[in-house]
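Right, one structure below, let's go through it.
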Amino acid sequence: MKLFHAIGLLSAVVAFAAVSVSAQVKKSEMPGVRNFSRVDATVGCGGAVDPTAMAGLRKEGFVSVINLRQASEPGADVDAGRAAAQAAGLKYIHLPFNVAMPDSKVVDSFLGAVADKSNQPVFIHCGSANRVGGMWMIKRVLQDGWAMDQAKTEAEAIGLNSPQLVAFVTEYINSHKR
């Protein structure tokens, strides 16, 4: 009987943890930012960003922007985004990540950039927030010590939705675990 109660309690704790992780990602509206969310006080995430939104991101307290979009993507004006970010007083970090041909070196650079306290609070974006979710999942597992399932739940709340990216992320994590 005690074992049955222990299993029930464990199931409840796991379910609560999954709900609290996804509840931690707070979606809200931000003019000029698609799929904006806050993960915590030091991180914001989103999809496509209009250059005019950079001043608003600065007003929200961000000090840097990490852009995961490729310059060749439709609507991705990297130069205009960089100029607007710099004009708003934001550090701009461009780490183009291609889901079709993922490069672990980009992930390595991303992990270094988000770990750098001088970049926080940081706003991370791509086209939809899919790549942001994938990169964030890697960060949570490798740098924060989160369990894979917990990190995936949060990443999906941010925007991760590509099975191909999930496969890359899982392989990257497994090959870089200590």
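The values are calculated or read from the model by the stated rules, or taken from the named source; none is laboratory data. All values derive from a computational prediction rather than experimental measurement. Because the Cβ atoms are built from the backbone with ideal geometry, glycine has one as well, and the counts that use them run over all protein chains shown. Please note that ligands, DNA and RNA were not included when accessible areas were found on the heavy atoms of the full protein model with its side chains. Shrake-Rupley method; radii C 1.70, N 1.55, O 1.52, S 1.80 Å.
Would you check if there is a residue in segment 150-170 being open to solvent by 50 Å² or more (accessible area, probe 1.4 Å), part of a loop (DSSP other than H, G, I, E, B) and farther than 14 Å from Asn67 by Cα? Show your work before the answer.
Taking segment 150-170 and keeping what is open to solvent by 50 Å² or more (accessible area, probe 1.4 Å), we get 150, 152, 156, 161, 163-164, 167.
If we keep only those that are part of a loop (DSSP other than H, G, I, E, B) too, we end up with 161.
Those left that are additionally farther than 14 Å from Asn67 by Cα: 161.
Looking for residues that are open to solvent by 50 Å² or more (accessible area, probe 1.4 Å), part of a loop (DSSP other than H, G, I, E, B) and farther than 14 Å from Asn67 by Cα, one finds at least one in segment 150-170, hence yes.
Counting only residues that are in contact with a Phe, Trp or Tyr (Cβ under 7 Å, 6 or more places away or on another chain) and in contact (Cβ under 8 Å) with a residue 12 or more places away in the chain, how many does segment 28-38 have?
1
Among the candidates Ser162, Ser128, single out the residue that is of a type outside the set (A, V, I, L, M) and under 12 Å from the mean Cα position of the chain (by Cα).
Answer to the check: Ser128.
Can you confirm whether Ala76 is touching a Lys or Arg at 6+ places or on another chain (Cβ under 8 Å), farther than 27 Å from Ser175 by Cβ and crowded, with 23+ Cβ neighbours inside 10 Å?
On the way: touching a Lys or Arg at 6+ places or on another chain (Cβ under 8 Å): yes; farther than 27 Å from Ser175 by Cβ: yes; crowded, with 23+ Cβ neighbours inside 10 Å: no.
Taking the combined requirement at face value, the residue does not satisfy it.
Applying the selection to segment 90-119, what residues are aliphatic (A, V, I, L, M) and touching a residue at least 60 places away in the same chain (Cβ under 8 Å)?
Pass one, segment 90-119, residues aliphatic (A, V, I, L, M): 90, 93, 95, 99-101, 106-107, 111, 113-115.
Those that are aliphatic (A, V, I, L, M) and touching a residue at least 60 places away in the same chain (Cβ under 8 Å): Val99, Ala100, Val107, Val114.
Please count how many residues of segment 118-128 are over 21 Å from Lys59 (Cβ atoms) and either in contact with a strand residue (DSSP E or B) (Cβ under 6 Å, 6 or more places away or on another chain) or of a type outside the set (S, T, N, Q) (or both). So that I can check it myself, show each step before the final result.
Of segment 118-128, the ones over 21 Å from Lys59 (Cβ atoms) are 126-128.
Restricting the remaining residues to those that are either in contact with a strand residue (DSSP E or B) (Cβ under 6 Å, 6 or more places away or on another chain) or of a type outside the set (S, T, N, Q) (or both) gives 126-127.
Number of matching residues: 2.
Can we say Asn98 is in a loop (DSSP other than H, G, I, E, B), polar (S, T, N, Q) and at pLDDT 95 or above? Don't jump to the end; show me each part of the working.
Values: in a loop (DSSP other than H, G, I, E, B): yes; polar (S, T, N, Q): yes; at pLDDT 95 or above: yes.
Yes: the conditions hold for Asn98.
Regarding Ala83, is this residue over 14 Å from the mean Cα position of the chain (by Cα) and either in a strand (DSSP E or B) or of a type in the set (Gly, Ala, Ser) (or both)?
Numbers: over 14 Å from the mean Cα position of the chain (by Cα): yes; either in a strand (DSSP E or B) or of a type in the set (Gly, Ala, Ser) (or both): yes.
Judged against the criteria, Ala83 is a match.
Give the residues of segment 114-148 that are open to solvent by less than 10 Å² (accessible area, probe 1.4 Å) and assigned to a helix (DSSP H, G or I), sorted by residue number.
Residues satisfying the conditions are Val114, Asn119, Val132, Gly133, Gly134, Met135, Trp136, Met137, Ile138.
Report every pair of residues separated by at least 6 positions or lying on different chains whose Cβ atoms are under 7 Å apart, first residue within segment 47-67 and assigned to a helix (DSSP H, G or I), second among the charged types (D, E, K, R).
Matching pairs, first to second residue: Pro51/Asp77.
Return the residue satisfying two criteria in turn: it lies in segment 32-73 and is open to solvent by less than 20 Å² (accessible area, probe 1.4 Å) and of a type in the set (Ser, Thr, Tyr), and of such residues it is nearest to the chain's Cα centre (by Cα).
Ser37
Within the set of pairs 6+ apart or on separate chains, which have a first residue in segment 124-147 that is touching a residue at least 40 places away in the same chain (Cβ under 8 Å) and among the hydroxyl-bearing types (Ser, Thr, Tyr), a second that is open to solvent by less than 10 Å² (accessible area, probe 1.4 Å) and not in a helix (DSSP H, G or I), and C-beta atoms under 7 Å apart?
Correct list of pairs: Ser128/Gly47.
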